[in-house]
1. Is at least one residue of the stretch 303-313 closer than 17 Å to residue 397 by Cβ and of a type in the set (Ser, Thr, Tyr)?
2. Please determine whether any residue of the stretch 365-388 is under 27 Å from the mean Cα position of the chain (by Cα) and at pLDDT below 90.
3. For residue 134, all conditions in the list (1) at pLDDT 80 or above; (2) touching a strand residue (DSSP E or B) at 6+ places or on another chain (Cβ under 6 Å); (3) in a strand (DSSP E or B) hold save one; what is the number of the exception?
4. Select the strands (runs of 3 or more DSSP E) contained entirely in the stretch 147-234, then report the ones holding at least 3 residues which are at pLDDT below 80.
5. Mind listing just one residue for me: the one in the stretch 365-375 that is open to solvent by 50 Å² or more (accessible area, probe 1.4 Å), of a type outside the set (D, E, K, R) and in contact with an Asp or Glu (Cβ under 8 Å, 6 or more places away or on another chain) and, of those, farthest from residue 389 (Cα to Cα)?
6. Which ones in the stretch 108-130 are surrounded by 15 or more Cβ atoms within 10 Å (Cβ to Cβ) and aromatic (Phe, Trp, Tyr)?
7. Among the residues in the stretch 179-193, are any loosely packed, with under 14 Cβ neighbours inside 10 Å, closer than 30 Å to residue 401 by Cβ and not polar (S, T, N, Q)?
8. Would you say residue 277 is open to solvent by less than 50 Å² (accessible area, probe 1.4 Å) and either outside any strand (DSSP E or B) or more than 21 Å from residue 401 (Cα to Cα) (or both)?
Amino acid sequence: YSGTVNYVGKMDTLGSTFKIIGDYNQSVSDNRNDYDNRSASWAGGIGSAEQNDITRSRAGSDYLITSLSADVDIVRSPVTTFKTGAKFTFNKMYSDTRYEELNGGVWQPSTSEDSKKTDYTENIGALYFIYNTRLGKVGLSAGIRGEYTYIIPKFDGTASAKSDDAQQSYFSFFPNLNVSVPLNKTFSNSLIFSYSRRISRPGFWALNPSKIKLSEYSEIVGNPDLKPTFSNNISLTTVLAYKYSLTIGAQLLQDEVAQIVVRDQGNEDKLLYRFENISSSHMYYAALNAPITITKWWTLNLNLTGLYQNQKLPGEDKFRRNLGLFSYSAMNFSLPLQFDIEVTNWYQSRAISGNMEGEPQYNFGVGVKKRFLKNKFTASLGAMNILDRVQVVHSYDDTFN
């Protein structure tokens with residue numbers, strides 16, 4: 001269920017406005033999943049006794065998100081504006097999860113997970129100011145946002161004593177600055193500097209201590225003690241001929257949320273994919289975007305990103321480092337009768353996240369497009385991952401790999 005109401009009023013002839021926006025969103029769901037796993041061991045080609053594992057989960061949820069914002073946009077001149085506003089967001093998330101297994105024809109609570117109930121409330125109030133102007137040919141945008149967050153989590157079941165019903169409240173400032181400097185009279189070449197501080201709050205399922213079964217030997221579990229992630233983002237971009245761009249930058253993260261794979265203390269043969277805060281996580285990168293016209297009928301759009309990752313996991317003294325490359329290219333061949341052939345290539349080198357490492361991945365695809373009725377309609381047919389490459393992820397610590 002969703003609804004929106006808004007009011008916009010003009011304040012002067014220059015275009016200054018006053019706006020009020022209210023939003024209401026509610027989502028109610030009932031998820032039922034059955035899991036049936038059958039396995040048998042073999043010796044000398046003769047099958048041994050078959051082992052069956054039959055479990056089920058019943059999960060109900062009710063999410064309510066409402067917000068109210070008021071904004072004032074003041075236009076001083078064609079190149080100078082001042083914006084300010086406030087926003088209040090109220091989030092309430094309730095879930096009830098039950099895991100059961102079939103024993104002797106009777107459904108019983110699972111030995112690894114009993115019923116879990118979560119009642120999570122998160123209220124956020126924010127106030128912001130933004131100033132945009134042009135000093136000669138130099139464009140300037142500067143702003144600051146202040147946010148106050150108040151959280152009331154309530155967990156039934158196996159939530160840790162540290163987290164159960166533990167309230168959180170914090171206030172933070174988020175400045176941002178953007179400066180663009182033209183390098184020629186036509187503004188086709190420019191230099192852009194950007195800085196911003198941002199916040200990313202963990203998702204509800206990352207906080208929920210209920211376990212979600214992946215297989216006989218692995219489960220995903222949330223962490224109600226998670227902190228929000230704060231990031232400082234710095235970049236310098238050069239734009240040439242309006243279309244070619246080269247960006248160098250850094251993203252410095254505090255308390256990044258990532259999945260850490262650990263052994264289940266209650267079952268040493270089972271692994272838990274648990275959400276944790278990474279105390280220090282830095283990334284430095286260079287990104288190139290180049291649309292290239294090779295001939296009238298052959299074009300290439302190329303994106304290349306090289307990065308250096310530096311992460312320090314909880315409980316570790318050493319940093320985990322990684323040098324990576326990401327690339328995406330799309331070649332388009334224009335044919336007669338408004339046909340096009342598109343060839344795409346996507347590549348990712350070794351990547352790290354928490355104590356997991358993803359091996360290099362490659363995806364190659366080909367598609368055919370047909371435009372008709374003066375380009376108003378397009379029909380396409382394609383195939384991705386033609387070379388059938390799979391994704392392989394390693395997880396490890398001092399006791400397992």
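1. no
2. yes
3. Looking at each condition in turn, residue 134 falls short on (2).
4. Values: elements: 168-182, 190-200, 211-215, 218-221.
Hits in the stretch 147-234: 211-215.
5. Initial filter on the stretch 365-375 (open to solvent by 50 Å² or more (accessible area, probe 1.4 Å)): 366, 368-375.
From what is left, the residues that are of a type outside the set (D, E, K, R) are 366, 368, 372-373, 375.
Retained after the next criterion (residues that are in contact with an Asp or Glu (Cβ under 8 Å, 6 or more places away or on another chain)): 366, 368.
Working: 366: 15, 368: 22 Å.
Here the answer is 368.
6. At the first step, the residues of the stretch 108-130 found to be surrounded by 15 or more Cβ atoms within 10 Å (Cβ to Cβ) are 110, 112-126, 128, 130.
Within the stretch 108-130, 120, 128 qualify.
7. Checked against the condition, which is being loosely packed, with under 14 Cβ neighbours inside 10 Å, closer than 30 Å to residue 401 by Cβ and not polar (S, T, N, Q), the stretch 179-193 yields no hits at all.
8. Values: open to solvent by less than 50 Å² (accessible area, probe 1.4 Å): yes; either outside any strand (DSSP E or B) or more than 21 Å from residue 401 (Cα to Cα) (or both): yes.
Yes.
The values are calculated or read from the model by the stated rules, or taken from the named source; none is laboratory data. This structure is a prediction, so every number in the text was calculated from the model and none was measured. With ideal geometry, Cβ positions are generated from the backbone for all residues, glycine too; neighbour counts draw on all protein chains shown. Ligands, DNA and RNA are stripped out before the accessible areas are found, and what is left, the full protein with its side chains, is counted by its heavy atoms. Shrake-Rupley method; radii C 1.70, N 1.55, O 1.52, S 1.80 Å.
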